[in-house]
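Below is one structure, written out as structure tokens, with a few remarks after it.
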Amino acid sequence: MIGRINGILVERQAPELLIDVQGVGYEVQVSLTTFFELPAPGEPVVLHTHFVVREDAQQLYGFADRIERELFRHLIKVSGVGPKLALTILSGMNAAEFVRRVQDNDVATLVRLPGVGKKTAERLIVEMRDRLKDFAVGAPQTLSRSPERDLSDNIQEAESALVALGYKPQEAARMVNAVANEGQTSQELIRLALKSMVKS
């Protein structure tokens, strides 16, 4: 089991990273919550990880903190929820918000996440409620600013990230364009687009 990775961030294209660890490049899948916390390429990065081995693939998932990794591990134990859907859920809302939605039996908000239907949302609430009783969540995470880029580049990156999460290209474009303003980073665009979907 690979539980932690410490190296240099080489590439970042949500939701996938390439991290160099003493000459070996590790491909790591991350949620957008963690993506927001990343430094610029070329900078050191430390992630808590969960390694998934299947017959057809081996995948490393990375998290900015242990809380998010713990929630991910709880999510993949829910019937019908695999690592990809768990990552999508953690991209659509942070740990504190997810815990709140489960405690409030908020099916309506959960079904707005891509890949989460009514039955899955109800199953999440039923199966996660007891697991989250003593779940402690920290303060909201803060965003790291990317190097300055044109708004059009940031829009394109934000749309690609949303498509990778399961949104249709036209829907991703609509979500991003609805919140786009000059000076925003791709992380800010993604966060605002997802927030608008959860609140709509």
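Summary of values
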item	result
Binned Cα-Cα distance frequencies in region 30-127 - 10 Å width, integer %	15, 48, 29, 8, 0
Choice from Arg66, Arg131, Arg54 showing the highest fluctuation, given a GNM over the chain with Cα pairs closer than 10 Å	Arg54
Residues of type lysines that Lys168 reaches as a straight line, Cα spacing below 26 Å, ignoring anything fewer than 8 places off in the same chain	Lys84, Lys118, Lys119, Lys195, Lys199
Per residue accessible area in Å² of the chain, where ligands, DNA and RNA are left out and the probe is 1.4 Å	51
Computed magnitude of the charge dipole of the chain (debye, nearest 20; Cβ of K, R +1, Cβ of D, E -1)	880
Accessible area of the chain belonging to carbon and sulfur atoms, whole % at 1.4 Å probe	48
Where only alpha carbons of the chain are counted, the Rg and the Dmax (Å)	16.4, 47
Sequence of Glu188, Glu37, Glu55 when ordered by accessible area, the most exposed leading, probe 1.4 angstrom	Glu55, Glu37, Glu188
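The values are calculated or read from the model by the stated rules, or taken from the named source; none is laboratory data. The model shown is predicted, which means the values in this text are computed figures rather than measured ones. Positions of Cβ are generated from backbone atoms using ideal geometry, with glycine treated the same way; all protein chains shown enter the neighbour counts. For accessibility, only protein heavy atoms count, side chains too; no ligands or nucleic acids. Shrake-Rupley method; radii C 1.70, N 1.55, O 1.52, S 1.80 Å.
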